[in-house]
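Novice: Supplied in C-alpha cells, the structure appears directly below.
The values are calculated or read from the model by the stated rules, or taken from the named source; none is laboratory data. Every value quoted in this text rests on a predicted model; they were computed, and no experiment measured them. Methodologically, a virtual Cβ is constructed for each residue, glycine included, from the backbone with ideal geometry; neighbour enumeration extends over all protein chains shown.
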Amino acid sequence: MTLAVPPELPDRGETLRYLREVTRSAHLAIENVLGLQTDDLTRERYRQVLGQLYGFWSTWEPQIEDLFGDEAFLAPRRRSHLLAADLANLGWSEDAILELNRCPRLQLPDKRMALGSIYVMEGSSLGGRVILRNVQRCLKEAGKASSSYFAGYGADTGRMWQEFLARLEQSPVHDKEFIGRGALTTFESFRRWIVLPEHMPPFAAD
C-alpha cells in the first residue's frame, strides 16, 4: 500500500534548491569578508571580528524572535552568548562587550523572510567548523579558549541543520521567493555590517 502525499505539503527540497540558487553569488561574495581563514590571522583581527559578530547577533536574535515566535525552535539556536564568552576569554570585560556597537535591525517584515534569514545564520554554523580549525591553528591556546561560536553546535551541528531543513520543507512552495528575499537581505546586511569601517568595535585592553 502507498500513502499519498497531502497536496498542501511542499515538494520535498524545492525551497532549499531555490535558496541555494538565488543566494549562490551572495554566499561567494561574503566567504572571505571575515578574513579568518588566512595563514597570518592575528589575535587582534580575530577579536575585532568576534565583536562585530556579537553586534550583529545581538540585534538579529530578538528581531527574529519577534517575527518567528517559536521559542522551542529558536532557543537552542541562539549564539550571541557564545560570542560574549569568547570575547571574555580574549580579555574583554562584561561592560566592554555590552558597549559594543549593534547592527541596525534588518528589513525583514514577516515570518517568511525571517525563515530565509534563519537559513543564512544556520548555514553559518556549518561553515564555522572550517574557520574553527584555522583559528585554533593560528592562535593556539587562545584560539581554543575562544572558539565556542565557531564550534557551532558541536556534535549536534548536523542534526540541528537537518531539523532546520525539515522546518523549511514545511513552508509552502509559493512562499519561496519571500524566503529567498529574507536570505538575500541577511547576506547583504551582514556584509555591510562587517566591511564598513565605522562599525568596527574598538579593541579592549588585555
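Novice: Those residues that are under 13 Å from the mean Cα position of the chain (by Cα) and more than 18 Å from Gly158 (Cβ to Cβ), I need them from the stretch 92-119; list them, please.
Specialist: Once the filter is applied, which keeps residues that are under 13 Å from the mean Cα position of the chain (by Cα) and more than 18 Å from Gly158 (Cβ to Cβ), the stretch 92-119 yields Ala114, Leu115, Gly116, Ser117.
Novice: As an exercise: evaluate Leu115 against (1) surrounded by fewer than 17 Cβ atoms within 10 Å (Cβ to Cβ); (2) touching a residue at least 40 places away in the same chain (Cβ under 8 Å); (3) not hydroxyl-bearing (Ser, Thr, Tyr) and give the number of the one condition it does not meet.
Specialist: (1)
Novice: How many residues are surrounded by fewer than 22 Cβ atoms within 10 Å (Cβ to Cβ) and within 21 Å of Val195 (Cβ to Cβ) when one looks only at the stretch 80-96?
Specialist: 1
Novice: Answer with yes or no whether Leu106 is of a type in the set (A, V, I, L, M) and either farther than 18 Å from Arg79 by Cα or exposed (fewer than 15 other Cβ atoms within 10 Å of the Cβ) (or both).
Specialist: Answer is no for this residue.
Novice: Could you give me the residue pairs with C-beta distances under 7 Å whose first residue belongs to the stretch 178-194 and is farther than 14 Å from Ala114 by Cα, whose second residue is outside any helix (DSSP H, G or I) wherever it lies, and which are 6+ apart or on separate chains?
Specialist: Within 7 Å, the pairs are Arg191/Val33; Trp193/Cys103; Ile194/Val33; Ile194/Leu34.
Novice: Tell me which helices (runs of 4 or more DSSP H) are completely within the stretch 61-166 and hold 3 or more residues being closer than 24 Å to Val33 by Cα and of a type in the set (D, E, K, R), or say none if there are none.
Specialist: Where helices (runs of 4 or more DSSP H) fall fully within the stretch 61-166 and carry at least 3 residues being closer than 24 Å to Val33 by Cα and of a type in the set (D, E, K, R), they are 111-145.
Novice: Let me ask something else. What are the pairs, 6+ residues apart or on separate chains, where a residue within the stretch 75-92 that is of a type in the set (S, T, N, Q) has its Cβ under 6 Å from a residue that is in a loop (DSSP other than H, G, I, E, B) and modelled with pLDDT of 95 or more?
Specialist: From residues that are of a type in the set (S, T, N, Q), the pairs are Asn89/Ser146.
Novice: Also, quick follow-up: Being β-branched (Val, Ile, Thr), within 15 Å of the chain's Cα centre (by Cα) and over 22 Å from Ala75 (Cβ atoms): is that true of Val135 here?
Specialist: Taking the combined requirement at face value, the residue does not satisfy it.
Novice: Would you mind stating whether Leu36 is within 19 Å of the chain's Cα centre (by Cα) and assigned to a helix (DSSP H, G or I)?
Specialist: Criteria not met by Leu36.
Novice: If you don't mind, another one. Only residues that are among the aliphatic types (A, V, I, L, M) and touching a residue at least 60 places away in the same chain (Cβ under 8 Å): list them for the stretch 119-141, please. I'd like the intermediate steps shown before the answer.
Specialist: In the first step, residues of the stretch 119-141 are kept if they are among the aliphatic types (A, V, I, L, M); the result is 120-121, 126, 130-132, 135, 139.
If the condition is that a residue be among the aliphatic types (A, V, I, L, M) and touching a residue at least 60 places away in the same chain (Cβ under 8 Å), then Val120, Met121, Val130, Ile131, Val135, Leu139 are the ones that fit.
Novice: Here is a follow-up. Looking only at the stretch 93-104, which residues are of a type in the set (A, V, I, L, M, F, W, C) and in contact (Cβ under 8 Å) with a residue 24 or more places away in the chain?
Specialist: Ala96, Ile97, Leu100, Cys103
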